[in-house]
1. Could you work out how far apart the two model spin labels at residue 26 and residue 109 are, taking each label as a point 7 Å from the Cα in the direction of the beta carbon, and quote it in nm?
2. If packing is taken as the mean number of other Cβ atoms within 10 Å per residue, what is the order of 17-26, 122-131, 150-159, highest first?
3. Please compute P(r) over all alpha-carbon pairs of the stretch 32-89, binned at 5 Å starting from zero, and give each bin as a whole-number percent.
4. When only alpha-carbon atoms count, how far does the stretch 1-105 stretch along each of its three principal axes, as whole angstroms with the largest first?
5. Give, as ranges by residue number, the residues of the stretch 28-43 whose backbone N falls under 15 Å from the point 7 Å along Cα→Cβ of residue 75.
6. Please label the shape of the stretch 1-47 as rounded, prolate or oblate, based on the square roots a ≥ b ≥ c of the eigenvalues of the alpha-carbon gyration tensor (a/c under 1.5 means rounded; beyond that, a/b larger than b/c means prolate, else oblate).
7. Of 132, 40, 27, which is the most mobile in a GNM of the chain whose springs link Cα atoms less than 10 angstrom apart?
8. Report the residue, chosen from 56, 172, 106, that carries the largest GNM mean-square fluctuation when the chain is represented by alpha-carbon nodes joined by springs under 10 Å.
């Protein structure tokens, strides 16, 4: 992330995203496939590590990531390369990615519990969850959905209503107002609203 200053001198928090060439490898139609979608491939890799079926589906080249996006009416053609030009400053977009994994965490960090009191005989239970059930509440069992310690992060997260601040067509760079899910180097799906 960085700061971006507009023409009035207002500073905005911004995320810098690199938009590599995304190749349209297939177009699904309702008549032929039963649904309408566009298949996009990115990050070319060695062909010897790819099956012949995948190579045939991807136009003879191998790609790290191939994904379909459902669309009502495809506005691209087979073989088109989608670059940063499809976005313009002021566009409102949606960003989807995998959030940062934080490992096994307790209830204070994972769910925002405040913990027990810091006085009156507390020894090792300041950050404990407290009661998780009992005879009255759930009939002597732990109810489904009980907030407890566990693995945190690594979830698919979607952030809506992000604004495009600037685009750099030469370097394939996109500046988005605010933060997007994931760590540096992760793949982010961008959708125009």
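Every number here is computed from the coordinates shown, using simple stated rules; none is lab data. Quantities reported herein were computed from a predicted structural model and do not represent experimental measurements. As a convention, Cβ positions derive from the backbone with ideal geometry for all residues, glycine included, and neighbour counts pool all protein chains shown.
1. About 4.2 nm separates the two model spin labels.
2. 17-26, 150-159, 122-131
3. P(r) for the stretch 32-89, in whole percents per bin: 4, 15, 24, 23, 18, 10, 5, 1, 0.
4. Reported extents, whole Å, longest axis first: 52, 39, 28.
5. 38
6. It comes out oblate by the Cα gyration axes.
7. Result for the chain, Cα springs under 10 Å: 132 fluctuates most.
8. Result: 56 has the largest fluctuation of those listed.
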